[in-house]
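Note sheet for the following structure.
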Amino acid sequence: MKAIKHSAKSIAKSMGRVLNVPIVILAAIVLIATAAGFTNTTPVKQVKLDKTQLSLLVDKTYNLKATILPANATNRNVIYTSGNNSVASVSKTGVIKALKAGKTTITATSAANRKLSAKLSLTVTEPSTRTITDMAGRKVVIPYNVNRVCSSGTAQNQLMLFLGAGKKIVATLPAFKANPWVQKVLPDIKAVPAPFEGKGVNIEELIKAKPDVVTLWSGTEEIQKKLDELKIPYVLIFYSTTDEFKKGISLMGEVLGKSESEKAQQFIRYYDGNIKTVSGRTSGIQADKRKRVYYMTDTPLSTEGSDSIVTSWINIAGGVNIAAKNGIKDLAATVSIESVIEWDPEVIIIRDAKNKELIMKDELWKNITAVKNRQVYVNPKGVNVWSARSADGALQPLWAGKILNPGLFKDIDLESETKKFYKTYYNYSVTAQELKDILYPEK
């Protein structure tokens, strides 16, 4: 009788959609008709699967096929479920997706009779390797689980620290190892060897570190040649623009593993949100009203041009990179004092605090508008300087917006935002004094 009632409901649903009659009424009619022998339904007797045991590698799929018997059963619908959705998921149509190593059971149940089902025993295993594409377009085979990484660049090491993978750093470079902020966030860095220096490497020290993979910046051809000879996999991660930076952090997350990859995507959403917030307020500033900005790097006459991420955040903040506007393209360009005087920047942003004191006392700089009006600022710096190819650069548009157009950003609490950022991405609680050191490095 239960089977008859279930069939009646199924038939009633189908008729209800066609006749626009309440299902309850139709179900009663169908039930009476069935009892009287006026309808002909065939109950389900068995559920069969094309497999009862299956092994899959993580991230692979399999389309499980269920057969309802007899073939002329009235209701042939099947409900698929997974005994452990963290190991494997299964779609409504029976597509199994392996998610992580482990075992689970996939069950196919008759929709007409929930007492009838068939089961598949599933084992999910991890592959030994995986293939990624680096920023040079190279296909690189790396271990499936990456736990030991050597990175040649400060920015790359910072990305690892930032993504929660600091303990995976097994070889670094001296400047990163000696960074006071890095030592605060990752005290263990003091014991990590530092075989990289400039574009070279102590290959014996690198081999001792037993890396699963090495990440390299561009221009490291000599190191690449040595790693090719040793058959040590390496991934090229480099960037100069905002879009390239986001690709770089996404790639680093992919290299490191699932949790780091998820954190990389979280960061990209945060970064994009800040860009949207700032550009949304500055987009209406006319070209002739945008402040002329000179960005100073290692020396007073070194700057970055149109190919640099610096130009991106200056534009987003409502300014114009005066060097880029005057044809400078390089990331490391040297200009003349005569050019700077001619460009007459309204704001000067300095990467290295020592240069502020130099230009404020220099007779050659005194008549430049930014110097006369004391619109000379040292860029914030924590684990890395915010302004150039740094993970902390997600905060740079907010800071630059407040510097160039303070009236548009009165509501932005940069101190609060910085504290939250460091806690979220470095798991580090910044003190009041440390916050001042980051935001006002010249003091």
Just need a number here: residues in region 183-202 that are of a type in the set (D, E, K, R) and loosely packed, with under 12 Cβ neighbours inside 10 Å.
2
Any residue at all in region 383-405 that's surrounded by fewer than 22 Cβ atoms within 10 Å (Cβ to Cβ), in contact with a Gly (Cβ under 7 Å, 6 or more places away or on another chain), within 23 Å of I309 (Cβ to Cβ) and not aromatic (F, W, Y)?
yes
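Of all residues in region 320-344, count the ones that are in a loop (DSSP other than H, G, I, E, B) and not β-branched (V, I, T).
The total comes to 8.
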Checking the condition within 21 Å of V278 (Cβ to Cβ) and among the acidic types (D, E), which residue from D298, D392, D344 passes?
D392
I189 versus (1) of a type outside the set (F, W, Y); (2) outside any helix (DSSP H, G or I); (3) modelled with pLDDT of 95 or more: which is the lone unmet condition?
(2)
Against the condition closer than 15 Å to Y62 by Cα and either out of contact with any strand residue (DSSP E or B) (no Cβ under 8 Å at 6 or more places or on another chain) or modelled with pLDDT under 95 (or both), how does K92 come out, does it pass?
no
What pairs come out if I take residues in region 66-77 that are farther than 8 Å from A112 by Cβ and not assigned by TED's automatic domain parsing to the domain that holds S91 and pair them with residues that are acidic (D, E) and crowded, with 19+ Cβ neighbours inside 10 Å whose C-beta lies under 8 Å away, six or more apart or interchain?
none
Answer residue from region 364-393, given it is over 30 Å from L163 (Cβ atoms) and in a loop (DSSP other than H, G, I, E, B) and is nearest to the chain's Cα centre (by Cα) among those:
Q375
Name the one entry in Y270, Y295 that is assigned to a strand (DSSP E or B) and under 30 Å from D413 (Cβ atoms).
Y295
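Look through Q433, Q396 and report the one residue that is touching a residue at least 24 places away in the same chain (Cβ under 8 Å), among the polar types (S, T, N, Q), in a helix (DSSP H, G or I) and out of contact with any strand residue (DSSP E or B) (no Cβ under 7 Å at 6 or more places or on another chain).
Q396
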Quick check on region 197-222: of everything there that is hydroxyl-bearing (S, T, Y) and out of contact with any helix residue (DSSP H, G or I) (no Cβ under 7 Å at 6 or more places or on another chain), which residue is modelled with the highest pLDDT?
T220
Are any residues in region 299-342 crowded, with 18+ Cβ neighbours inside 10 Å, touching a residue at least 40 places away in the same chain (Cβ under 8 Å) and not hydroxyl-bearing (S, T, Y), and if so, which ones?
P300, E304, I309, V310, W313, I314, I316, A317, G318, G319, V340
Residues located in region 399-430, provided they are assigned to a helix (DSSP H, G or I) and hydroxyl-bearing (S, T, Y)
S416, T418, Y422, T424, Y425, Y426
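The values are calculated or read from the model by the stated rules, or taken from the named source; none is laboratory data. Computed from a prediction, not measured in an experiment: that's the story for all the values here. Neighbour counts are summed over all protein chains in view; Cβ atoms, including those assigned to glycine, are modelled from backbone coordinates with ideal geometry.
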